[in-house]
Amino acid sequence: MAVLHHPRYGSLVTRPCTPAELLERLSALEIQVTTVEHPPVYTVDQARQHREGQRGGFSKNLFLRNKKGKMWLVVAEEEAPIDLKGLGLGLGAGRFSFASPARLERYLGVTPGAVTPFGLINDTEQVVSVVIDRRLEALDPLNFHPLDNARTTAISPGDLLRFIAATGHSCELVDLTRFAPA
């Protein structure tokens, strides 16, 4: 989140970081990334149509909540079959459902179609638990939306973990195939 001085009320207000502010933060952390622009995409299938020349791993990012209202970001290899019931039980979270667009905006500062681990920059209170598919470690670079679904940013797996740690979050690397539907 960016903190601003409101000119009219004199109080500090917060707003989600912009893609440019995210890239500045990555640069300040000495994390090398490359970003390409493309038409806005909302699904993995749409994203596949705009990957010419891009290499590495791609993901699907699920923003979930359990019945107790705890928030989770699950970053899975894009082909991974996900069973929300099995995943929730396997992670000890209980039953998962997709979080609302309002919660997505509140915690990660993004809209549906732009869910990304880069959104953790906006979760300054570290409310969101992070789970990353262990299979992504072997793919380099990894490609994610930089808070905007009209761009894709490539980052190394190690640098992604450094970025997540710099946001104050820890993440759990999990073999998500353990929770795949039978």
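Quick look at the numbers
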{"quantity": "Lys, Arg +1 and Asp, Glu -1 on Cβ, resulting dipole of segment 121-182 about Cα centre, debye, nearest 20", "calculated": "120"}
{"quantity": "For the chain: relative contact order, % (alpha-carbon pairs under 8 angstrom, 6 or more apart)", "calculated": "27"}
{"quantity": "Highest average packing first - 34-42, 116-124, Cβ atoms within 10 Å", "calculated": "116-124, 34-42"}
{"quantity": "For segment 17-179, projected area of the alpha-carbon convex hull averaged over all directions, nm²", "calculated": "8.5"}
{"quantity": "Under 12 Å from Lys60, Cα to Cα: aspartates and glutamates that are on another chain or at least 8 residues apart", "calculated": "Asp45, Glu77, Glu78, Glu79, Asp133"}
{"quantity": "Among Asn143, Gly113, Phe179 the positive-end extreme of the charge dipole of segment 17-179 (Cβ point charges)", "calculated": "Phe179"}
{"quantity": "Net dipole in debye of segment 17-179 [+1 Lys, Arg Cβ; -1 Asp, Glu Cβ; about Cα centre; nearest 20]", "calculated": "700"}
{"quantity": "Added length on full extension, which subtracts the Cα-Cα distance from 0.36 nm per residue, Thr124 to Glu37", "calculated": "28.6 nm"}
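Coordinate-derived values only; no laboratory data. For clarity, every value in this text was computed on a predicted model and none was experimentally measured. Methodologically, a virtual Cβ is constructed for each residue, glycine included, from the backbone with ideal geometry; neighbour enumeration extends over all protein chains shown.
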